[in-house]
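Peer 1: The structure is given below, and queries will be raised subsequently.
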Amino acid sequence: MTALTAVRGMNDILPEATPRWRDLESVVARLLAARGYQEIRLPLVERTALFQHSIGEVTDIVEKEMYTFTDRGGDSLSLRPEGTAGCVRAMIENKLLAQEGAAHRVWYAGPMFRHERPQKGRYRQFHQIGVEAFGMPGPDVDAEQIVLSARLWETLGISAVRLQINSLGTPASRLAYRERLVVYFSRYERDLDEDSQRRLHTNPLRILDSKNPDLAELIAAAPALPDSLDGASRAHFAELCALLEAAGVAYTHNPRLVRGLDYYTHTVFEWITDRLGAQDAVCSGGRYDGLVARLGGRETPAVGFALGMERVVALLEDAQIASPQLVPDCYLVWAGEGLAAPALELAEQLRNSSGLRVIQHCGGGSFKAQLKRADRSGARFALILGEQEWATGSVQVKPLRADQPQSTVPLTTLPAWLAQQDIGSSR
Ligand code: ATP
Ligand code: MG
């Protein structure tokens, strides 16, 4: 049988890369916990109707990117293409928003699935960290989330990102804008590509999201959304801008930023980069005040964002930011009659009492062969336990990363001896 391969666009994240992923996840988790966001874990599969009703029927995601299948019971299900819909479903279903005035901050992390054309920074299974806040209508929480994302870049050492913001206003102002766009683009209908011609009558705002460079000029000259905003929407946006300025977060107002999904109202924002080719969006979000009610819950304002982890990891690599390493402190080399149990115990004892990372050699072999493995493991020290050492209650300690002599250390003082070498201190 020929070797099986992974599904196109679905990647393995190999052991050499996972420390960076874990580090990124823990930095985000820490920043979120510091602001009262609680983790929520959600299914990867939902009813297809959930995505049709939330993301919108005439969006790229629902029209052509979803992995949809009929399960054995005959239900139409889809792999989640994004997290907000499932999160809102869970909040409603579990009655977390049932009480008047309920407010929640939640986050989740995990894989999302979209049948897109795979290329650098664009995959069919990719990972997002999603952040959502429910029950807070004001620009204060919009600002909280944007500042949080800004703090994340700062903490990670990523500088090649810029923030764009815009306001879509209320559903009424969005509708008014929609009509102005239809009038404008209808005049140039023949210049539009096929996708945009179709969108002209279904979802004209999406034309502004087009990545076709031939349309860039036409889009740049289209009417801008801010002219259609009502007073309350303008005030919301002005307050957000003031809060970002006060927090020292630089932004540009891009009046043509609309975002691909149907459910946004008021604030939308996107962190973009010019370091990842055509895939410029690293983190995107906005306010979706109507979605909870649209999915059957009580009228609840909400705001959230998602960041694409593959793209953040690519930015960390691009900026040559060192990845944390998970090398062992010690590699225990052992051989001899009756030493299996003592070796096991010694390794356990060092892990438990000193918190060291200790690999115990398994699989036998000569001392020479074992030492070769010890060296390849990246460990700082090889601990050598043979019959002679065991008889005298000691081990040989062989430094593997420095040109230092080997020493004989009594088992009773080994933890103290290793502590003196300052290992494990980088954690
Ligand atoms: P794009 O414009 O690049 O298609 P999007 O607007 O579809 O992005 P969102 O649905 O807002 O993206 O998802 C949030 C984030 O998830 C994006 O900013 C991006 O970093 C990441 N992302 C989206 N689609 C993919 C994908 N196919 N592969 C990898 N990351 C993705
Ligand atoms: Mg997309």
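Peer 1: Can you give me the relative contact order of the chain as a percent, contacts being Cα pairs under 8 Å and 6 or more apart? Mind dumping the intermediate values first?
Peer 2: Values: 698 pairs, mean separation 64.9, N = 427.
Dividing the mean separation by the residue count of the chain yields 15 percent.
Peer 1: May I pose another question? Could you work out the equivalent-ellipsoid semi-axes for segment 37-150, taking the square root of 5 times each eigenvalue of the Cα gyration tensor, largest first, in whole Å?
Peer 2: 26, 19, 12
Peer 1: Continuing with the same structure: For a protection proxy built on the mean count of beta-carbon atoms within 10 angstrom, sort 163-171, 295-303 highest first, please. Spell out each step's value before the answer.
Peer 2: Details: 163-171: 21.1, 295-303: 19.6.
Answer by packing, highest mean first, reads 163-171, 295-303.
Peer 1: Semi-axes, largest first, in whole Å: what does sqrt of 5 times each Cα gyration tensor eigenvalue give for segment 1-96? Before the final figure, lay out each step's value.
Peer 2: On the way: eigenvalues 141, 123, 31 Å².
In descending order the semi-axes read 27, 25, 12 Å.
Peer 1: To the nearest Å, what is the center-to-center distance of segment 1-57 and segment 131-199, using C-alpha atoms only?
Peer 2: Centre-to-centre distance over Cα atoms comes out at 23 Å.
Peer 1: Order of 326-333, 202-209 by packing, highest average Cβ count within 10 Å first? List each step's numbers first, then the result.
Peer 2: On the way: 326-333: 22.0, 202-209: 20.1.
Order by mean packing, descending: 326-333, 202-209.
Peer 1: Put +1 on the Cβ of every Lys and Arg and -1 on every Asp and Glu Cβ in segment 330-420; which of Gly336, Ser377, Leu414 then has its Cα farthest towards the positive end of the dipole?
Peer 2: Checking the options against the dipole of segment 330-420, the answer is Ser377.
Peer 1: Can you pull a Stokes-Einstein diffusion coefficient for the chain at 25 °C (0.890 mPa s), Rh from Kirkwood over Cα pairs, as a whole number of µm²/s?
Peer 2: Numbers: Rh = 25.1 Å.
The diffusion coefficient I find is 98 µm²/s.
Peer 1: Okay, next question. Please list, in chain and number order, the residues 5+ apart from Thr300 or on another chain whose amide H is under 5 Å from its amide H, with Hs placed from the backbone.
Peer 2: Val292, Ala293
Peer 1: While we're here: Once amide H atoms are built 1.01 Å from N in the peptide plane, which residues 5 or more positions from Glu82, or in another chain, come under 5 Å H to H?
Peer 2: Long-range HN contacts for Glu82: Phe113.
Peer 1: Where both partners of a DSSP beta bridge lie in segment 330-420, what percent of those bridges are antiparallel, to the nearest 5? Don't jump to the answer; show the numbers that get you there.
Peer 2: Details: 8 of 16 bridges.
Percent antiparallel among DSSP bridges in segment 330-420 is about 50.
Peer 1: In addition: Taking the number of other C-beta atoms within 10 Å as the exposure measure, put Met66, Met1, Met10 in order starting with the fewest. The partial results should precede the final answer.
Peer 2: Working: Met66 20, Met1 3, Met10 13.
The fewest-first ordering by Cβ neighbours comes to Met1, Met10, Met66.
Peer 1: Now for a different question. Is the C-alpha gyration tensor of segment 330-420 telling us rounded, prolate or oblate? Criteria: a/c under 1.5 is rounded; beyond that, a/b larger than b/c is prolate, otherwise oblate. Walk me through the numbers on the way to the answer.
Peer 2: Numbers: a/c = 1.26, a/b = 1.03, b/c = 1.23.
Rounded shape, in that the Cα axes give a/c under 1.5.
Peer 1: Can you compute the charge dipole magnitude of the chain about its Cα centre, using +1 on each Lys and Arg Cβ and -1 on each Asp and Glu Cβ, nothing else charged? Give it in debye, rounded to the nearest 20. Intermediate values should be presented prior to the final figure.
Peer 2: Numbers: 47 positive and 52 negative charges, 95 e Å.
In total the dipole reaches around 460 debye.
Peer 1: In percent, how large is the relative contact order of segment 330-420, given Cα pairs closer than 8 Å and 6 or more residues apart? Numbers along the way, then the final one.
Peer 2: On the way: 134 pairs, mean separation 26.5, N = 91.
That works out to 29 percent.
Peer 1: For Thr155 and Val182, compute 0.36 nm times the residue count separating them, minus their Cα-Cα distance, and round to one decimal in nm. Intermediate results must be reported in sequence, preceding the final value.
Peer 2: Details: separation 27, 0.36 × 27 = 9.72 nm, distance 4.32 nm.
Gain on stretching Thr155 to Val182: 5.4 nm.
Every number here is computed from the coordinates shown, using simple stated rules; none is lab data. Nothing here was measured: the structure is a model prediction, and the numbers come from that model. Here the Cβ is made from the backbone with ideal geometry for all residues, glycine too, and neighbour counts use every protein chain on show.
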